[in-house]
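Chemist: Before I ask anything, here is the structure I am working with.
Taken together, the values in this text are just the output of simple stated rules run on the coordinates, not laboratory data. If you're wondering where the values come from, they're calculated on a predicted model, not measured in any experiment. All Cβ positions, glycine included, derive from the backbone under ideal geometry; neighbour counts span all protein chains shown.
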Amino acid sequence: MKIDYRETTNDLLKRIDIHSQYGSKNIDQWMLDIVQIKPGMNILDVGCGAGKQCFSYHNFLNGNASITGGDVNAELLEKAKSENTRLQTSIKFIDLDFNQPFPLEDNEFDFASCCFAIYYAEDIPFTIREMHRVLKPGGRLFTSGPMPENKRVFYDIITKATGKVIPPMPGSSRYSSQILAALRNTFSSVAVEIFENPLVFETSEPFLAYTRASLSEDRKLWGSFFTTHDDFEKIMDAIAKVADKRLEQDGKLIMTKVVGGFIATK
Ligand SMILES: C[S@@+](CC[C@H](N)C(=O)[O-])C[C@H]1O[C@@H](n2cnc3c(N)ncnc32)[C@H](O)[C@@H]1O
């Protein structure tokens, strides 16, 4: 069936925007505090999307680093490249499919990151070995992803609205188990840090915008919930009713993002 309401790029950027508007904690700052990147480093960001982490590293190091971002999504890479031109930064953005051998040399990078992306890999140990391969000895990899307790309110409201069981999410169902285990198998040490960011919604509108941007981007996962655009809108109506009821009862909706940061050393 043809899916003609796909908006992946906008969906990702919408969710990033809602995190920063309604959350009180800054995930980029949390990450910079724990990864401790230094001027002069050679840095790789895998699954860089529109370049969020690459630009954050660039700003933090005042441009004094060699930064490469790689992604498989041409539309997001295009956004990253035009921002690179607009800001006159010299970040390299490359086509990189993390299910294939990376087009990069062994022992090239001091630091690599893979934020909210590793759990989309088809063969997680393979992708982790590739990230390990391109790091210098002693180099570090940072990954981030949702922990099992992430966004409980979001899933509760969807369950209540639809009466259906939430399908296993590739992130929260695998990140702290399979991905952490693969990192421990490949790297010499792995440290775990937790970031919690409560998003506080006083009206249902931003919560619904977030829900829309999550369900429609990951629609393959939600195949048992909807297939057509009409089904999708019906589900969104049911979710809106439950969210409004919760807001009436509690005054606000608090959806806490719970993210694990794994720092692995080669
Ligand atoms: C949720 S986004 C995160 C993007 C970015 N790191 C950020 O934090 O804004 C997930 C990213 O993984 C990328 N991705 C998915 N499959 C990929 C693959 N096979 N190879 C490289 N990147 C992939 C997507 O294109 C998308 O940019």
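Chemist: Quick one: would you say ILE18 is part of a helix (DSSP H, G or I), farther than 20 Å from GLU202 by Cα and more than 10 Å from the ligand (Cβ to nearest atom)?
Modeler: Criteria not met by ILE18.
Chemist: Another one. Restricting to segment 56-76, and then to whatever is among the hydrophobic types (A, V, I, L, M, F, W, C) and touching a strand residue (DSSP E or B) at 6+ places or on another chain (Cβ under 9 Å), can you tell me which residue is nearest to the ligand (Cβ to nearest atom)?
Modeler: VAL72
Chemist: Could you list all residues from segment 34-49 that are away from the ligand (no atom under 15 Å from the Cβ) and either within 18 Å of PHE116 (Cβ to Cβ) or of a type in the set (A, V, I, L, M) (or both)?
Modeler: Result: ILE34, ILE37, MET41.
Chemist: Related question: For segment 102-124, which positions are within 15 Å of the ligand (Cβ to nearest atom), over 16 Å from GLY69 (Cα atoms) and not β-branched (Val, Ile, Thr)?
Modeler: TYR119, TYR120, ALA121, GLU122, ASP123
Chemist: What number of residues within segment 233-266 are farther than 21 Å from ASN26 by Cα, buried (at least 18 other Cβ atoms within 10 Å of the Cβ) and of a type outside the set (A, V, I, L, M)?
Modeler: Residues meeting the conditions: 2.
Chemist: If I ask for residues that are of a type in the set (A, V, I, L, M, F, W, C) and loosely packed, with under 15 Cβ neighbours inside 10 Å, which ones from segment 182-199 would you list?
Modeler: ALA191, VAL192, ILE194
Chemist: From the list LYS25, LYS79, LYS92, LYS52, exactly one residue is among the basic types (Lys, Arg), under 25 Å from ALA121 (Cα atoms) and away from the ligand (no atom under 11 Å from the Cβ). Which is it?
Modeler: Only one candidate qualifies: LYS92.
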